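What follows draws every value from the coordinates through simple rules; no lab data is involved. None of the values given here were measured: they were computed from a predicted structure. Reconstructed Cβ throughout: ideal geometry from the backbone, glycine too, with neighbour counts over all protein chains shown.
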Amino acid sequence: MKPYRIRGVILRHAYEVRRNANHITYMVYWPVVNILVWGFFTLYLRHGDRLQPGVISCLLGAVILWGLFNAFQRDMAVGFLEELWSRNLVSLFASPLSVSEYVTGLIIVTLSKAMVGLLVEALIAGLCYHYNILPTLPALIPFILNLALFALTMGIVITGLIFRYTTKFQAMAWSFAGLLMPLSCVFYPLSSLPRFLRPLASILPTTHSFEGMRQVIESRGFSGSHFKWGLELNLIYFIFALFFFRWMFESARARGLLVKME
Amino acid sequence: MLVTVECLTKIYGGFKAVDDVSFVVQPGEVAGLVGPNGAGKTTIIHILLGLISTNAGAVRLFGKSLDADREQILQRLNFTSPYMAFPARLTVLENLRVFALIYNVRNPAQKIIELLERFGIEHLKNKPISRLSSGETTRVGLCKAFLNNPELLLLDEPTAYLDLQVARQVRDVLLDLQRSRGTTILYTSHNMHEVQRMCNRVIFLSHGRVIATGTPIEITRKILKEDRASPALDEVFIRIAGRGPDEAISN
């Protein structure tokens, strides 16, 4: 991998962010709307007297972390779709740029954009709803990294599907995270799911991240087991995603789809 | 040999887009890859770039295999076609800066300006691609193609969207750059006068197969079966285009 080629990919997407208002919408507008709506909901909940301690903090923490996961997964796939929409794929892949350099550049851009969203949400939560994520942040970072790795894995799988099936799969870029949401136990503990769904939820790294997050926010300490489970599942899925992507890419090459994508 | 293609075959479903094609391109040569629509020209160019995998046969560029040495090979060549595009919101300068980084161009700012001036579009440098005409975008593609001083240039119908005057200017620039740097060019076009003017040697394709190889005059005599004094590739083209697959090959 050559750093200057990765810099080329970063520069291409940095120019796109500067010139395309949609990116500002994705990066700032939706995170702001999201945290404001959920923030007002927590203000309403505060009027009740039967809330368990820590519920409001867990809710806001979950909104922020889910926002990060969703943004990361979506921006990975949309970043690739932008090459496809602009018919830039042939120029890129007819150059010495490798697929791994391209994906690395895209990950760096996506991570930076997701971090902007995270910061904006954390700032609004602190200023408007007196929820300060900073004291718990060091203990949350391992779970955030697990979420980022799973989002990256999903992004790679969706990008592979778009390579192979072109824009027929582009809706997945925006909707795939939503598909995982009910089973990821974002706003409720695993124990509240129907018994038959729990095994399915347990094989999602997102579930372990949100379980771990709740434990940290409720001051029950860092859950090494949730982190370990999440990481192990992530590594399995990540390796699978790389093979899947390679398979989809070669399949697209064999069918001549790289030069015909629209 | 700079380009060696041996027994190349590409099949889509049951359709043979490229059928047992072999040819070579010598260093410094301007070789034309011509033929009617569906002859397999663009597919061959895309295979040479590694964008399409093959069913059979071998391709060697600079004596190396694309599977083993993709990065080194693609660093030494470049490609353009009016059918590819650039990110539309980015300006001409921004697009070329991105590719200058990808190709690791030294003094990119100077190189980009030099090429924009050469192709007569320096005044468009700060315009987004979306506001350019097809002909202007084609010239941006040509600037991209020369960014890395390629030893081998693959040009797929490079003058297709250009008006006659600009097409002539572009041909002059291409020939000038080819002569001054010894760049090898593999050129596809439907404009047979352009092919006669540009190419030392022509590889004539029909229905995925090579049906004749030689200088324009050799091809003319061979296909028309007449002792002509000057090349007439447009007549050859019309003769070939009117034939069915079996007839084209057997004749």
Proximal lysines to residue B:222, defined as alpha-carbon separation beneath 28 angstrom and excluding residues fewer than eight positions away on the same chain: B:10, B:16, B:41
Cut-off 14 Å (backbone N to label point 7 Å along Cα→Cβ of residue B:26), residues of the range B:185-216: B:185, B:200-202, B:214-216
So if R0 is 35 Å, what FRET efficiency would residue A:43 and residue A:167 give, r being the distance between their Cβ atoms, rounded to the nearest 0.05? 0.25
Please go through the range A:177-262 and write out the trypsin sites (Lys or Arg not before Pro) that DSSP classes as loop and that have at most 12 other C-beta atoms within 10 Å. A:220
Nearest-0.05 FRET efficiency for residue B:163 and residue B:241 at R0 = 25 Å, using Cβ-Cβ distance, is 0.55
Taking the simple approach of a point 7 Å from Cα along Cα-to-Cβ for both residue A:218 and residue A:137, what is their distance in nm? 2.5 nm
For residue B:19, enumerate residues with amide H under 5 Å from its amide H, sequence gap 5+ or separate chain, H modeled in the peptide plane. B:10, B:209
Is it possible to state the helix-based mean residue ellipticity at 222 nm for chain B, with each DSSP H run of 4+ residues giving -39500 (n - 2.57), the sum divided by total residues, to the nearest 500 deg cm²/dmol? What is it? -12000 deg cm²/dmol
Subtracting the Cα-Cα distance of residue A:254 and residue A:100 from 0.36 nm times their residue separation yields 53.5 nm
The Rg/Rh figure for the range B:166-211, Cα atoms and Kirkwood Rh, to two decimals is 1.02
Under a 10 Å cutoff between Cα atoms, tell me which one of A:145, A:11, A:65 has the largest fluctuation in the Gaussian network model of chain A. A:11
I need the helices of chain A that pass two filters: whole DSSP H segments spanning 27 Å or more by Cα along the axis, and mean Kyte-Doolittle score no lower than 0.0. A:55-85, A:99-129, A:137-165, A:224-254
Under a 5 Å amide H to amide H cut-off, with H placed in plane at 1.01 Å, what residues pair with residue B:232 once short-range neighbours are removed? B:220
Low-density loop cleavage sites - trypsin sites (Lys or Arg not before Pro) in the range B:105-181, where at most 10 other Cβ are within 10 Å (DSSP): B:106
Taking neighbour counts of Cβ atoms within 10 Å as a proxy for exposure, in what order, fewest first, do B:65, A:209 appear? B:65, A:209
Which of the lysines could a cross-linker bridge to residue A:2, judged by Cα under 24 Å and excluding same-chain residues fewer than eight apart? A:113, B:64, B:111, B:144
Cα extents of chain B per principal axis, largest first, Å, are 53, 42, 33
Read phi for every residue in the range B:46-58 and hand back ³J(HN,Hα) as whole Hz from Karplus 6.51 cos²θ - 1.76 cosθ + 1.60, θ = phi - 60°, with x for Gly and Pro. 5, 5, 4, 8, x, 7, 10, 8, 9, 8, 7, x, 9
Can you give the Rg/Rh ratio of the protein assembly as shown, where Rg is from the C-alpha atoms and Rh is the Kirkwood radius? 1.09
Here the equivalent ellipsoid of the range A:3-259, derived from its Cα gyration tensor, has semi-axes (largest first, whole Å) of 34, 21, 15
Taking chain A as a Gaussian network, where each spring joins two C-alpha atoms under 10 Å apart, which residue of A:116, A:63, A:186 fluctuates the most? A:116
If we count other beta carbons within 10 Å of each Cβ, what is the order of A:131, A:29, fewest first? A:29, A:131
Quick one: order A:185, B:7, B:199 by neighbouring beta-carbon count within 10 Å, fewest to most. B:7, B:199, A:185
How tilted is helix B:164-181 with respect to the longest principal axis of chain B? Cα atoms for both, answer in degrees (0 to 90, nearest 10). 90 degrees
Angle between chain B longest axis and helix B:134-146 axis [Cα atoms, degrees, rounded to 10]: 90 degrees
Name the most mobile residue of A:196, A:150, A:40, meaning the one with the largest mean-square fluctuation, in a Gaussian network model of chain A with Cα contacts below 10 Å. A:196
Tell me, what HN-Hα J-couplings in whole Hz come from the Karplus equation 6.51 cos²θ - 1.76 cosθ + 1.60 at θ = phi - 60° for each residue of the range A:183-194, using x for Gly and Pro? 8, 7, 6, 5, 10, 9, x, 4, 5, 8, 6, x
Based on the Cβ-Cβ distance of residue B:127 and residue B:225, what FRET efficiency does E = 1/(1 + (r/R0)^6) give at R0 = 51 Å, to the nearest 0.05? 0.50
